[in-house]
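**Q** Here it is: the structure, laid out below.
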Amino acid sequence: MQAYKTKSRKVHGSTFSEVYRNAFDLYQKIKKKTKRRPYIRSAYFKKEKIFLELFWHHLHEKLNHRDKVRRVRYFPCAVELIGNTRCDPISKDNPNRASEILHRFAGITLDGERFLVQIKENKRNNQKWLISIFPDE
């Protein structure tokens, strides 16, 4: 799978509160640009909106703090990847729901670390949601 090389670094910090604060500040800047749901326009999907709210809900469901920190660190890189990549993702139907497609994009941070971004697409109304960000191991 082809990976997009980002120009941004992952968020630094030693505790969840430090990392979360820095990543959530970026989310708040994106959120202030719209009156409704926060989104990013994707180059790959022909400037269609990718909504961001579901990622934060999914993150808060996690019980493991280390896992939360690991995922939030890549948020600025993921925002850049979604907005700029034209690399083809790995797409497959969601095995749990037939009405959804899962797209998985690969990226590389400025420091050379690989990560994956997963986007869920609803087949009925073509809405796309950022679900998850995690390092590629």
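**Q** With ILE82, ILE133, ILE119 as the choices, which residue is under 18 Å from VAL11 (Cα atoms) and in contact with a helix residue (DSSP H, G or I) (Cβ under 9 Å, 6 or more places away or on another chain)?
**A** ILE133
**Q** Still on this structure, I have one more. Name the single residue that is surrounded by the fewest Cβ atoms within 10 Å (Cβ to Cβ) among those in segment 102-129 being aliphatic (A, V, I, L, M) and over 17 Å from LYS46 (Cβ atoms).
**A** LEU110
**Q** Let me ask something else. What's the number of the condition TYR74 fails, among (1) more than 10 Å from the chain's Cα centre (by Cα); (2) among the hydroxyl-bearing types (Ser, Thr, Tyr); (3) buried (at least 16 other Cβ atoms within 10 Å of the Cβ)?
**A** Tallying (1) more than 10 Å from the chain's Cα centre (by Cα); (2) among the hydroxyl-bearing types (Ser, Thr, Tyr); (3) buried (at least 16 other Cβ atoms within 10 Å of the Cβ), TYR74 fails exactly one: (1).
**Q** With respect to TYR39, determine if the residue is without any contact (Cβ under 8 Å) to a residue 40 or more places away in the chain and among the hydroxyl-bearing types (Ser, Thr, Tyr). Break it down into steps so the answer makes sense when it comes.
**A** Details: without any contact (Cβ under 8 Å) to a residue 40 or more places away in the chain: yes; among the hydroxyl-bearing types (Ser, Thr, Tyr): yes.
The answer is yes for TYR39.
**Q** Can you tell me which of HIS57, HIS65 is under 16 Å from TRP129 (Cα atoms) and either exposed (fewer than 12 other Cβ atoms within 10 Å of the Cβ) or among the basic types (Lys, Arg) (or both)?
**A** Numbers: HIS65 fails: under 16 Å from TRP129 (Cα atoms).
Going through HIS57, HIS65 in turn, just one is under 16 Å from TRP129 (Cα atoms) and either exposed (fewer than 12 other Cβ atoms within 10 Å of the Cβ) or among the basic types (Lys, Arg) (or both): HIS57.
**Q** Give me a count of the residues in segment 1-54 that are out of contact with any strand residue (DSSP E or B) (no Cβ under 9 Å at 6 or more places or on another chain) and of a type in the set (Val, Ile, Thr).
**A** 4
**Q** For segment 1-46: of the residues being aromatic (Phe, Trp, Tyr) and under 29 Å from LYS92 (Cα atoms), which is surrounded by the fewest Cβ atoms within 10 Å (Cβ to Cβ)?
**A** Filtering segment 1-46 for residues that are aromatic (Phe, Trp, Tyr) and under 29 Å from LYS92 (Cα atoms), the one surrounded by the fewest Cβ atoms within 10 Å (Cβ to Cβ) comes out as PHE45.
**Q** Sticking with this one: Residue pairs, Cβ under 8 Å, 6 or more apart or interchain, first in segment 9-36 and touching a residue at least 12 places away in the same chain (Cβ under 8 Å) and in a helix (DSSP H, G or I), second surrounded by 11 or more Cβ atoms within 10 Å (Cβ to Cβ) and hydroxyl-bearing (Ser, Thr, Tyr). List them.
**A** Listed pairs, sorted by first residue: ILE30/TYR39.
Laboratory data are not the source of any read-out in this text; all were calculated from the coordinates shown. Because the structure is a prediction, the values reported are computed rather than measured. Ideal geometry is used to build each Cβ from the backbone, glycine not excepted, and the neighbour counts take in all protein chains shown.
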